[in-house]
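Student: There's a structure below that I have some questions on.
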Amino acid sequence: MPRPLSPLERWYWIADQISPLNVLGRMTVEGRFDRRTARAGLDLLQRRHPALRTAIAETPAGGPVFVDTAGPIPLVWRWEPGARLESSARWAEDADRRHLAKSVDRHTGPLVRAEVVSASEGRGRGVHELVLVLHHAIADGTTAMSLVRQWAEHVAEVSGASDSARGRGPGGAPRLPATEDLFPAEYRSERGAAAAAEKRRRDADEAARSSPARVPRQARVPFDRRRTRLVHRRLDTATTRALVQVCRERGVTVHGALAAGLVRAVRQDAGASSGARFAIGSPVSFRAELDPPVGPDDAGSFVATLPTIVDGDADLWDTARAVNADLARRRARGEHFSMINDLAARVGPDVGGSLELLHYMDREGPINLCLTNIGAVRLPERIGSLRVLDADFAAGISVTGVLVAAATTAHGRLNWNLTYVDGLVTHDRAARLADASLDGLVALARRAAGERERTNPERRGGSQG
């Protein structure tokens, strides 16, 4: 049955009309894989998730609505040499040039498209990259990573090599209501509106006191000419392990440390004066807090971006602790729900009716500088006969921000995708910021690992997490 888009979903629909707001999930596997099993596995995935069988229709009086569509998920199959396929730099090129550049077809649906990049033209063993490009109204980073894994599971099922997904059949996942309809009772209706208004007052007071700096823009780019671009970096297993260990020793999360590194890089790049403060947004997942809770394998968008204002001059570890502590306070106050409720009060019925919100997000929004980190993705070593090599995600910015870093840790390696709005930031500058964000952290992690080795030569670092 058709249902209207919620205010959050409508905001994503509006932003995507101006500039693509895609969410990408990618997994690289090795094994036997062909067009037939790729198509059949994708069809099973679509049958399992109602969200993958929808389009968005625009009604004259009622605004945009989700409607069912019978069309299959579009699938493109491409060939690449094996050595090039295994390079994460090639994935980044595809994401930058194609996946982030074109919206999924919201009119005809479904709100997803798929691609396989393969090093094997026949049924022989080879390396294959599976990519899903999803509309943000039906997916967040967790959804993208889960769906691409489920696709591989269904491929293994079809090939007869695994029964891990057997029995789920058509309509295996529930048709979920709008995200806002799953909020806890205290964040719905009038109580939710009151909490959102209080949050807005707190944010305004904090901004007035701190006057946080924004990411400097190198040019003026109209909304309708904004385009997400991407630069990619990867930390190897040893470096990622060292980073995780030093964060544990310092009593901070990896997210806090990455956020601190990004703030430090932006501050140095901007040449900010002493005492300058910066706001960095952190998208947080609230699936487990919904009523009823939503599982990690359910399709949908269940994140809200919370801003943290930090001292640009502070020690990196102090900044990381400040990010962690502020996010914990904001979550305890339910600000992730209030953020979305505040958005609901501002978003209009369409692009023209949302210009005030668009200019607010551009001028003051929490995604001007942002780090989204889905953490360590627990991937199996094998899915049936397929060996899992790597996984990654990235997302478009559209009109919501300027500079957004996305971090994924899979099989012990940290993938770092820094997206930026072309023109507001140049490619060379984005590349410098991507390096600078990680270089200081990597140096500290390696130094700490070296000190541990000198102190205890038999110790070989900590566990990953």
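The values are calculated or read from the model by the stated rules, or taken from the named source; none is laboratory data. Remember, predicted model here, so these are calculated numbers, not experimental data. With ideal geometry, Cβ positions are generated from the backbone for all residues, glycine too; neighbour counts draw on all protein chains shown.
Student: Can you tell me how many residues in segment 221-236 are touching a residue at least 24 places away in the same chain (Cβ under 8 Å) and farther than 20 Å from Asp439 by Cα? Steps first, answer last, please.
Tutor: To start, the set of residues in segment 221-236 that are touching a residue at least 24 places away in the same chain (Cβ under 8 Å) comprises 221, 223-236.
Cutting the leftovers down to farther than 20 Å from Asp439 by Cα gives us 221, 223-229.
Final tally of qualifying residues: 8.
Student: Looking only at segment 377-427, filter to residues that are hydroxyl-bearing (Ser, Thr, Tyr) and within 20 Å of Val244 (Cα to Cα); which one of those is nearest to the chain's Cα centre (by Cα)?
Tutor: First, the residues of segment 377-427 that are hydroxyl-bearing (Ser, Thr, Tyr): 385, 398, 400, 408-409, 419-420, 426.
Now restrict to residues that are within 20 Å of Val244 (Cα to Cα): 408-409.
Working: Thr408: 9, Thr409: 13 Å.
Only one residue fits best here, namely Thr408.
Student: Across segment 413-437, what is the total count of residues that are touching a Leu at 6+ places or on another chain (Cβ under 7 Å) and in a helix (DSSP H, G or I)?
Tutor: Going through segment 413-437, the residues touching a Leu at 6+ places or on another chain (Cβ under 7 Å) turn out to be 413-414, 416-420, 425, 430, 433-434, 437.
Going one step further and asking which of them are in a helix (DSSP H, G or I), we end up with 430, 433-434, 437.
Qualifying residue count, segment 413-437: 4.
Student: Next up: Check whether at least one residue in segment 255-274 is among the aliphatic types (A, V, I, L, M), over 27 Å from Ser398 (Cβ atoms), in contact with a helix residue (DSSP H, G or I) (Cβ under 6 Å, 6 or more places away or on another chain) and modelled with pLDDT of 95 or more, and report yes or no.
Tutor: Just the residues of segment 255-274 that are among the aliphatic types (A, V, I, L, M), to begin with: 257-260, 262-263, 265-266, 270, 272.
Okay, now just the ones that are also over 27 Å from Ser398 (Cβ atoms), so 257.
Restricting the remaining residues to those that are in contact with a helix residue (DSSP H, G or I) (Cβ under 6 Å, 6 or more places away or on another chain) gives 257.
Applying the additional criterion that residues be modelled with pLDDT of 95 or more yields 257.
Looking through segment 255-274, at least one residue is among the aliphatic types (A, V, I, L, M), over 27 Å from Ser398 (Cβ atoms), in contact with a helix residue (DSSP H, G or I) (Cβ under 6 Å, 6 or more places away or on another chain) and modelled with pLDDT of 95 or more.
Student: Which ones in segment 1-34 are assigned to a helix (DSSP H, G or I) and within 18 Å of the chain's Cα centre (by Cα)? Please lay out each step first, then the result.
Tutor: In the first step, residues of segment 1-34 are kept if they are assigned to a helix (DSSP H, G or I); the result is 7-18.
Of everything in segment 1-34, those that are assigned to a helix (DSSP H, G or I) and within 18 Å of the chain's Cα centre (by Cα) turn out to be Leu8, Glu9, Trp11, Tyr12, Trp13, Ala15, Asp16.
Student: Before we move on, is Asp342 at pLDDT below 95 and of a type in the set (Asp, Glu)? Break it down stepwise before answering.
Tutor: Details: at pLDDT below 95: yes; of a type in the set (Asp, Glu): yes.
The answer is yes for Asp342.
Student: Could you give me the residue pairs with C-beta distances under 9 Å whose first residue belongs to segment 338-361 and is touching a residue at least 12 places away in the same chain (Cβ under 8 Å) and assigned by TED's automatic domain parsing to the domain that holds Glu58, whose second residue is of a type in the set (A, V, I, L, M) and assigned to a helix (DSSP H, G or I) wherever it lies, and which are 6+ apart or on separate chains?
Tutor: Going by the 9 Å Cβ cut-off, there are no qualifying pairs.
Student: Here's another thing I want to ask about it. Do you know which residues across segment 438-463 are of a type outside the set (Gly, Ala, Ser) and either modelled with pLDDT of 85 or more or buried (at least 16 other Cβ atoms within 10 Å of the Cβ) (or both)? Walk me through how you get there before you give the answer.
Tutor: First, pick out the residues of segment 438-463 that are of a type outside the set (Gly, Ala, Ser): 438-439, 441-442, 444, 446-447, 451-460.
The answer is Leu438, Asp439, Leu441, Val442, Leu444, Arg446, Arg447, Arg452.
Student: Right, next: Mind listing whichever residues of segment 363-388 are surrounded by fewer than 17 Cβ atoms within 10 Å (Cβ to Cβ) and modelled with pLDDT of 90 or more?
Tutor: Matches in segment 363-388: Pro380, Glu381, Arg382, Arg387.
Student: Determine whether segment 200-220 contains at least one residue that is in the same structural domain as Leu343 (by TED's automatic domain parsing), modelled with pLDDT under 95 and on the phi > 0 side of the Ramachandran plot.
Tutor: yes
Student: Also, I was wondering about something else. Any residue in segment 420-437 that is crowded, with 21+ Cβ neighbours inside 10 Å, in contact with a helix residue (DSSP H, G or I) (Cβ under 6 Å, 6 or more places away or on another chain), of a type outside the set (D, E, K, R) and within 30 Å of Arg32 (Cβ to Cβ)?
Tutor: The answer is no; no qualifying residue exists.
Student: Condition first: within 22 Å of the chain's Cα centre (by Cα) and either farther than 27 Å from Phe286 by Cβ or modelled with pLDDT under 95 (or both). Can you find one or more residues in segment 179-196 that meet it?
Tutor: The answer is no, given that none of the residues of segment 179-196 is within 22 Å of the chain's Cα centre (by Cα) and either farther than 27 Å from Phe286 by Cβ or modelled with pLDDT under 95 (or both).
Student: Another question about this same structure. Collect the residues in segment 109-131 that are modelled with pLDDT under 95 and either polar (S, T, N, Q) or in contact with a Pro (Cβ under 8 Å, 6 or more places away or on another chain) (or both), keeping them in residue-number order.
Tutor: Result: Ser118, Ala119, Ser120.
Student: Tell me, which residue of segment 66-116 that is of a type in the set (Ser, Thr, Tyr) and in contact (Cβ under 8 Å) with a residue 40 or more places away in the chain is surrounded by the fewest Cβ atoms within 10 Å (Cβ to Cβ)? Walk me through how you get there before you give the answer.
Tutor: Of all residues in segment 66-116, those of a type in the set (Ser, Thr, Tyr) come to 69, 87-88, 103, 108.
Now drop any that are not in contact (Cβ under 8 Å) with a residue 40 or more places away in the chain, which leaves 69, 88, 103, 108.
Values: Thr69: 18, Ser88: 17, Ser103: 19, Thr108: 12.
By that ranking, first place goes to Thr108.
Student: Next up: I'd like to verify a number: residues in segment 254-306 that are more than 14 Å from the chain's Cα centre (by Cα), closer than 25 Å to Arg209 by Cα and free of Cβ contacts under 8 Å to residues at least 60 places away in the same chain, how many?
Tutor: 7
Student: Restricting to segment 226-252, give me the number of residues that are within 29 Å of Thr426 (Cβ to Cβ), among the basic types (Lys, Arg) and more than 22 Å from the chain's Cα centre (by Cα).
Tutor: First, the residues of segment 226-252 that are within 29 Å of Thr426 (Cβ to Cβ): 226-236, 239-240, 243.
If we keep only those that are among the basic types (Lys, Arg) too, we end up with 226-227, 229, 233-234.
From what's left, more than 22 Å from the chain's Cα centre (by Cα): none.
Result for segment 226-252: 0.
Student: Within segment 215-312, considering only strands (runs of 3 or more DSSP E) that don't extend past its boundaries, which have at least 2 residues that are closer than 27 Å to Asp203 by Cα? First the steps, then the outcome.
Tutor: Details: elements: 228-235, 277-285, 303-311.
Because the criterion is at least 2 residues that are closer than 27 Å to Asp203 by Cα, the strands (runs of 3 or more DSSP E) in segment 215-312 that meet it are 277-285, 303-311.
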